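Some notes on the structure that comes next.
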Amino acid sequence: MKSSVRGLSLVELLISTALGMTLVLVCISLLVSVSKNHQAQQNSQMIYDEAISISRIWQQAFATVGDLGCLQFQASAQIQNNLSRPLLTSLGIKIYPNNDAALKQILPSAVIKKLLPDSSVIISENIMLPFYHLQYDADKSGYFLLTNTFKKGDEVLLSNHREAQLLKLNSLTRQKDRYYLSLPIQANSSWRIAHWQTNLWFVMKNESDGYGMYRLTIPDETAPVELVRDISGFYAKIDSAQKFLQAQISFANGRQKLTWPLTIAFSKAAFGWRSW
């Protein structure tokens, strides 16, 4: 008895090929979909992390706005400004629209050209905690002992219950393990000292042709430092009671978008202080 071997007919071959190609296309489609979903999740997580990052930075930077240490506020407090430049705010914080003509006297022209349209610019001037108590050195007349957290050239705020002075440390000296500072203040134990910072915060175009949030610290930095990127919008204001900074930052990465509202409370209401 003879056995016969029968191959696939043309129709069967075409059907099998079509089913195989369909299966391959389905697998490819699933892989592409999984890849896109993974990329979208990565982009979403990235802009969320950026939002958290700027929140943490601002919580630390703006918390002490309006705080002059032990100085008792009356109608308005005064700072004796011994720096070679004027103060930029009268509350410790000021917000400008990016098209305000006053910014030409504050920001470099190269920065102004790159600012995100219809965005805000924040200027903050405040102490950087902690405060340190000054100890008068009776053996070294006219000098105070200082911790090694300060260095020559730092801008600092001196404060007690009656007055506040802003100055640059030009006379910091070191003898063995002790740091000494000559200051134009009376020898008593009520003085405290803290670092002083002036920061400009703005959104401008970066090297990736997108927009990032930048900080420029005066006078320490000569070029802006990018903090976060993927920003598509930024608006900020101070509430009517001058106790909070309210901001809204919009992020965009690919098709992923996030609008991040942010409210930061000042440690003291920005009563308003003047310099003289």
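The values are calculated or read from the model by the stated rules, or taken from the named source; none is laboratory data. Being a predicted model, the structure only gives us computed values, none of them experimental. Don't worry about glycine lacking a Cβ; one is built from the backbone with ideal geometry, like all the others, and counts go over all protein chains shown.
Which residues, taken from the range 102-126, are of a type in the set (A, V, I, L, M), more than 21 Å from Thr89 (Cα to Cα) and loosely packed, with under 15 Cβ neighbours inside 10 Å?
Ala110
Only one of these conditions is not met by Ser3: (1) of a type in the set (S, T, N, Q); (2) surrounded by 13 or more Cβ atoms within 10 Å (Cβ to Cβ); (3) modelled with pLDDT under 80. Which number is it?
The single condition Ser3 does not satisfy is (2).
State which residue is farthest from Ile57 (Cα to Cα) when the search covers only the range 192-213 and only residues that are of a type in the set (Ser, Thr, Tyr) and touching a residue at least 60 places away in the same chain (Cβ under 8 Å). Please lay out each step first, then the result.
Within the range 192-213, the first condition is being of a type in the set (Ser, Thr, Tyr), and the residues that meet it are 198, 208, 211.
This time we only want the ones that are touching a residue at least 60 places away in the same chain (Cβ under 8 Å), so: 198, 211.
Working: Thr198: 14, Tyr211: 18 Å.
Step by step, filter the range 192-213, then rank; the result is Tyr211.
Can you tell me which residues in the range 227-247 are loosely packed, with under 15 Cβ neighbours inside 10 Å and part of a strand (DSSP E or B)?
Within the range 227-247, Tyr235, Lys237, Gln246 meet the criteria.
Just checking, which of Gly92, Gly66 is crowded, with 18+ Cβ neighbours inside 10 Å and touching a Lys or Arg at 6+ places or on another chain (Cβ under 6 Å)? Steps first, please.
Working: Gly92 fails: touching a Lys or Arg at 6+ places or on another chain (Cβ under 6 Å).
Just a single option satisfies the conditions, and that option is Gly66.
So for the range 39-49 (the condition being among the acidic types (Asp, Glu), modelled with pLDDT of 75 or more, under 30 Å from Ile238 (Cβ atoms) and in contact with a strand residue (DSSP E or B) (Cβ under 6 Å, 6 or more places away or on another chain)), does at least one residue qualify?
As a first pass, look at the range 39-49 and keep what is among the acidic types (Asp, Glu): 49.
Next cut, modelled with pLDDT of 75 or more only: 49.
Subset that is under 30 Å from Ile238 (Cβ atoms): 49.
Restricting the remaining residues to those that are in contact with a strand residue (DSSP E or B) (Cβ under 6 Å, 6 or more places away or on another chain) gives none.
No - not one qualifying residue is present in the range 39-49.
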